[in-house]
Amino acid sequence: MSVGAASLTKAAWQDVGAEGALGESVAHDVDLSNEQLRSLYRLMAVSRRVDRQAINLTRQGALGVYASSHGQEAAQVGAVFALEADDWLFPTYRETVASFARGVDVVEALALFSGSWHCGFDPYQHRVAPLTTPLATQALHATGLAMAARIRHDPIVALTFFGDGAASEGDAHEALNIAAVSAAPVVFVVQNNGYAISVPYRLQTKASSIALRAAGVGMPGIRVDGNDVISVYGAVRTAVDRARRGDGPTLVEAVTYRLEAHTTADDTTRYRSDDEATSWRARDPVHRFLGVLRERQVVDDAYVAEVDAEGETVAARMRDALFGAPAGDPREMFDHVYATRTPQLDAQRMLLEQELRAAEET
Amino acid sequence: MEFTMAGALNAALRDSMREDDHVVVYGEDVGKLGGVFRITDGLQAEMGADRCFDTPVAESGIVGTALGMALYGMRPVVEMQFDGFSYPALDQVISHVAKYRNRTRGHVGLPMVIRIPYGGGIGAVEHHSESPEAYYAHTAGLTVVSPGTPADAYALLRASIAFDDPVIFLEPKRRYWLKEDLDLPVTAPPIGTALVRRAGTTATVIAYGPMVSTAMEAATRGAEESGWDLEVVDVRTLSPLDVDTLVESATKTGRALVVHEASRFAGFGAEIAAEVTERAFGYLAAPVLRVTGWDVPYPSAKIERHFLPDADRILDAVARLLEY
């Protein structure tokens, strides 16, 4: 997708027309105060530091594995910035950054990767569902929650992310279709980052854009430059407002690039060239945004230094909290299977208790 | 008043919806049509299309959205049209529905019910007569319930809807037309308890769902034809299993068999046989036998009666139990 001149007041995107084709890119006014612009930058820059630190901590053994958001900060932060406090987010394993931007404690958000518990936070606290691993399954959860909100007449919007690979899953289609039919207030944000682990976009679909699928289920579709945070925010905000008005779901495709490997366990040299990543580094969403903010004097050196310092503080806290964190009590594995422990689980908990005691004695 | 099992299930849904406006019922053809078996008959007309509605034909979508609804505090009751159509939703059931409370360290419970008409004996086409209970019972985090009588159909469905964890509610479709006089709302022992349906001394016949009636028929005929006094235990909840009641009965009679429509190999009966053997070994005069469908895909309608366990197959097994 072409990269237009970045702007702080204009978002640009392409709509999927009723005939099912993408229209020309059209500019739209975006109303963000300088304070909000600075917040957007702060969230993106600190997110990048969080991401870097998570990769480092994985290499040092404090995390088992990590799925990086490097290069996708605009798509994730821009999207969740369009949500209100009572709205819900349904992230995948790549949305550590989006979850952090919604207020989830970063150490709790990383529980999945640190191995302390599958989900380290209370979803009700920040209205963020657990980071989900089976692809596109969470799109249905978002749709169902949105259907419930509509039935209850609550002005709540659910936003879910999935990727270009996950878009091939049946659940992605079922979610889009059911959401459209039930006019559910849900926004689907596809981060098309070019790869599903090693498999490139062109092997996932013959279609030129994931956004085109919106026409197939009868909902509005938007394709936006996922590396331009203002455009992502503008497009998603439009979708969120539409959902809250009662006008149903929207599919937003944010075109971006996964600059890092799929996870820390992946090796990109086996399937893509350095040149490709280099061309995308030139469109780095954080540097690009910072460049415009400086140019328009929305931020100065002192603010950037302040944000950098905040990033270092968060990174230090991650190191302190994740290194040498205790494994937790293994007995707890029996405690949350059901609301009330069954007699069978009571008996098995006792057997484990005996094993633990025997291990302590030897 | 006389109720069929189908009518009792319908009454349970209606009463639950009237009592709690968080209860919503949805699935394929459950709205205007009232479901292919008419279990949701009249619910949309009375409760409105926000409370009882049709969905696109997408089983994973039905279950996945129910999870989202339950997360929001609703109590969705969704219908899988047939046992053989429930498999597209297995990923949602196994990967999420069963695991959500544990994944969230107890923060999120999912009060949702997945109703599945199951089992054979109705002369149906392929994919309409299967018994998938072992898949669900094997999955930690699920509660699996199957009623064998109209009274239990009402009471256990009400209890399942009020339950704070996900329930797989397996409805024995060949017993939908089974009748019983009921004074609603009836109550029954809670989820997680088995019941002795017929006290006896010769041997214990353990059954659930569609096989409860078959086991009772076998007990009647066993008494008439052979002078046997069979005890029939209705499992009612497959998971968590009320092992105590099964063991108590097997300990008393010294002989036990378990009967189900599903195939034998790695079937639910193997779990019951193992539990009873482990706990009642010293009291047993014979090994616990399994009376089941064969280890074949469910056969065509015209030969299904040769697949399904019947009273004869149960009584043959009782005879084998008594030979030890």
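Only the coordinates and a few stated rules stand behind these numbers; no lab work does. Note that this is a predicted model, so its numbers are computed, not measured. Cβ sites come from the backbone with ideal geometry, for glycine too, and all protein chains shown count toward neighbours.
Volume per residue of the convex hull around the Cα atoms, evaluated for the stretch A:1-111, comes out as 147 Å³.
Using C-alpha pairs below 8 Å separated by at least 6 residues, the relative contact order for chain B is 16 percent. Rg and Dmax over the alpha-carbon atoms of chain A stand at 21.3, 73 Å.
In the protein assembly as shown, the calculated helix contribution to ellipticity at 222 nm averages -12000 deg cm²/dmol per residue, counting -39,500 (n - 2.57) for every DSSP H run with n ≥ 4. Computed from Cα positions, the angle between helix B:243-253 and the longest principal axis of chain B comes to roughly 20 degrees. Working from Cα pairs under 8 Å separated by at least six residues, relative contact order for the stretch A:95-207 is 22 percent.
So in chain A, what percent of DSSP beta bridges are antiparallel if you round to the nearest 5? Each step should come with its number before you reach the end.
Details: 11 of 33 bridges.
The answer is about 35 percent antiparallel.
Computed on the stretch B:243-293, with alpha-carbon pairs under 8 angstrom and 6+ residues apart, the relative contact order is 52 percent.
Here's how it looks for A:Leu22: its modeled amide H is under 5 Å from those of A:Gly17, which are all 5 or more places away or on a different chain.
FRET efficiency for A:Tyr124 and B:Arg313, Cβ-Cβ distance as r, R0 = 45 Å, nearest 0.05?
On the way: r = 51 Å, r/R0 = 1.14.
Step by step, r from the Cβ atoms, then E = 0.30.
Along the stretch B:70-82 the Karplus relation, 6.51 cos²θ - 1.76 cosθ + 1.60 evaluated at θ = phi - 60°, assigns HN-Hα couplings of 5, 4, 7, x, 7, 10, x, 10, 10, 10, 8, 4, 9 Hz to successive residues, with x for each Gly and Pro. The 3J(HN,Hα) values that the Karplus relation (6.51, -1.76, 1.60; θ = phi - 60°) gives for the stretch B:174-186 are, in residue order, 6, 9, 4, 9, 5, 10, 7, 7, 10, 10, 6, x, 7 Hz. Gly and Pro appear as x.
Note that the stretch A:126-135 has calculated 3J(HN,Hα) couplings of 10, 6, 10, 6, x, 4, 9, 9, x, 5 Hz, one per residue in order, obtained from phi through the Karplus relation 6.51 cos²θ - 1.76 cosθ + 1.60 (θ = phi - 60°); glycine and proline are x. Ordering A:Leu145, B:Leu43, A:Leu290 by the number of other Cβ atoms within 10 Å of each residue's own Cβ, fewest first, gives A:Leu290, B:Leu43, A:Leu145. Which whole-angstrom value gives the distance between the alpha carbon centres of the stretch A:120-135 and the stretch B:195-229? After rounding, the separation between the Cα centres reads 49 Å.
Using Cα centres only, tell me the gap between the stretch A:41-101 and the stretch B:99-138 in whole Å. Here the answer is 35 Å between Cα centres.
Scaling the Cα radius of gyration of the stretch A:237-362 by the globular reference 2.2 N^0.38 Å produces a ratio of 1.83. Taking chain A as the reference, fit the longest principal axis to its C-alpha atoms, fit the long axis of helix A:285-295 to the helix C-alpha atoms, and give the angle between the two in degrees, 0 to 90, nearest 10. Helix A:285-295 sits roughly 50 degrees off the main axis of chain A.
Relative to the dominant Cα principal axis of chain B, helix B:5-19 is inclined by about 40°. Computed over the alpha-carbon pairs of the protein assembly as shown, the distance histogram in 10 Å steps reads 3, 14, 22, 21, 17, 12, 7, 3, 1, 0 percent, short to long.
What share of the DSSP beta bridges in the protein assembly as shown is antiparallel, in percent to the nearest 5?
Values: 19 of 73 bridges.
That works out to approximately 25 percent antiparallel.
Sum up the charges of everything whose Cβ sits under 10 Å from the Cβ of A:Arg331, counting Lys and Arg as +1 and Asp and Glu as -1, but leave A:Arg331 out. Every neighbour counted, the sum reads -3. Build a GNM of chain A with springs between Cα atoms under 10 Å apart, and of A:Asp274, A:Asp171, A:Asp346 the one that fluctuates most is A:Asp346.
Under a 5 Å amide H cut-off, with hydrogens placed 1.01 Å from N, B:Ala262 pairs with B:Gly293 among residues at least 5 apart or on other chains. Close amide H partners of B:Val23, meaning residues 5 or more places away or on another chain with modelled amide H under 5 Å apart, are B:Arg75.
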